[in-house]
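The values are calculated or read from the model by the stated rules, or taken from the named source; none is laboratory data. As the structure is a computational prediction, the values presented were derived from the model and not from experiment. In this analysis, Cβ positions are derived from the backbone assuming ideal geometry, glycine residues included, and neighbour counts consider all displayed protein chains. Surface areas here come from the heavy atoms of the whole protein model, side chains and all, with no ligands, DNA or RNA. Shrake-Rupley method; radii C 1.70, N 1.55, O 1.52, S 1.80 Å.
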Amino acid sequence: MDRNDNCWCGSKKKYKSCHLKFDEKIKGIKYSWLLGQTRPPRHIINNEHDIEGIKASAVINNGCLDMVGQLVKAGVDTETLDNACHEYIVSHGGIPACLNYEGYPKSVCISLNNVVCHGIPSKNTILKDGDILNIDITTIYNGYYADASRMFMVGNVSPEAEKLVRVTKECMDLGIAAAKPWHFLGDVNAACGNHALENGYTVVTALGGHGVGKHFHMEPYVAHIGEPNTGMLMVPGMVFTVEPMISAGRPEVDVDEEDGWTVTTHDGTLSAQWEKTILITDTGAEVLAW
Ligand code: MF3
Ligand code: CO
Ligand code: CO
């Protein structure tokens, strides 16, 4: 790419005043093959316009999570919550990304207790006192995706469940705190997982976080356990989720054979998950969807 060409990022600025220095910096780094260090591909680098797009999508997604949180209480079925989310997203001009995604039948995922993720909302799943649940929502707005999930607790929850919910959030927050430009993604993976292990929990490794923005699931794959200084280089403009799934027991999971989606802990123990979408900036990470 010539200095005077339009930059590959789509900004319409000249390369020399856009990503030229950035490319030189990426090139100048020594990548350790042993540590699995890799360069980020260009297609996952977002320009200002893309970032504004993801932020606008996140406004709807965040608002939807705020809204549905108010509806969580004993006696409510999860299909009712799904309907409320669908209505909220559509009425704000968005599209629920989960609906029909690879055949997924509902607008959001609601995962109770031993369900790790991808719980399908149903009239027959009725919230009861003591339940912990994750509501995972992804919105598409103007072509841009924002993805986040939160845990909710119904009435009086056991101290064990409460601790799992709290520590899982801490795992996500520590992972995000470790997300810094010109460092490697393994820092994030390790920060998440080590905190879980230190608390006597295990990390579900069958699923992970992902790049997000112009598509639902993109590079990089974001594991929630790992070694610092390994994996993909984090650079400004990258947007990805941190979404640890933490089990109170063993980390193995099963996928429901009937519905093809519901992921449960194999040993039946509780699990929790939190998810945010973050942007790598020049100085650290900015949370876009929470
Ligand atoms: N929102 C989930 C994630 O965090 C993906 C759900 S896919 C679905 O990546 F089809 F199950 F909805
Ligand atoms: Co999600
Ligand atoms: Co996600």
* Structure fact -> Using alpha carbon centers only, segment 178-206 is separated from segment 237-290 by a whole-angstrom value of 12 Å
* Asked: Based solely on its DSSP helices, what 222 nm [θ] is calculated for the chain when runs of n ≥ 4 H residues each add -39,500 (n - 2.57) and the sum is averaged over all residues, nearest 500 deg cm²/dmol?
  -> -9000 deg cm²/dmol
* Report, by chain and number, residues whose modeled amide H sits under 5 Å from the one on Phe184, excluding near sequence neighbours (fewer than 5 apart, same chain). => Asn229, Met234
* Asked: lysines within cross-link reach of Lys73: Cα-Cα under 16 Å, excluding same-chain residues under 8 positions apart?
  -> Lys123, Lys128
* Over segment 137-285, average the accessible area per residue using a 1.4 Å probe and give it in Å², no decimals. => 38 Å²
* Structure fact -> Charge tally for neighbours of Ser158 with beta carbon under 15 Å away, counting Lys, Arg as +1 and Asp, Glu as -1, is -1
* **Neighbour count of at most 15 Cβ within 10 Å plus DSSP loop: longest GluC sites (Glu not before Pro)-free window in the chain** => 1-251
* **Accessible surface of the chain [probe 1.4 Å, protein heavy atoms]: carbon and sulfur percent** => 52 percent
* Structure fact -> Excluding residues fewer than 8 positions from Lys276 in its own chain, the lysines with Cα under 17 Å of it are Lys55, Lys169, Lys180, Lys214
* Calculated SAXS-style log₁₀ I(q)/I(0) at q = 0.09, 0.16 Å⁻¹ - segment 36-289, Debye, Cα scatterers -> -0.36, -1.17
* Structure fact -> Rounded to whole Å², per residue accessible area for segment 52-114 with a 1.4 Å probe reads 41 Å²
* Structure fact -> Compactness summary of segment 238-290: radius of gyration and Dmax from Cα atoms, Å, are 15.1, 46
* Structure fact -> HN-Hα couplings for segment 121-126 via Karplus (6.51, -1.76, 1.60; θ = phi - 60°), in whole Hz with x for Gly/Pro, come out as x, 8, 4, 8, 9, 10
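What does the net charge come to around His210 if you take all other residues with beta carbon closer than 9 Å to its beta carbon, with K and R at +1 and D and E at -1?
With Lys, Arg at +1 and Asp, Glu at -1, the net is -3.
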* Under a straight-distance cross-link criterion of Cα-Cα below 16 Å, which lysines are reachable from Lys27, leaving out those fewer than 8 residues away in the same chain? -> Lys16
* Structure fact -> Env charge @ Thr80, Cβ radius under 15 Å, K,R +1 / D,E -1, value -1
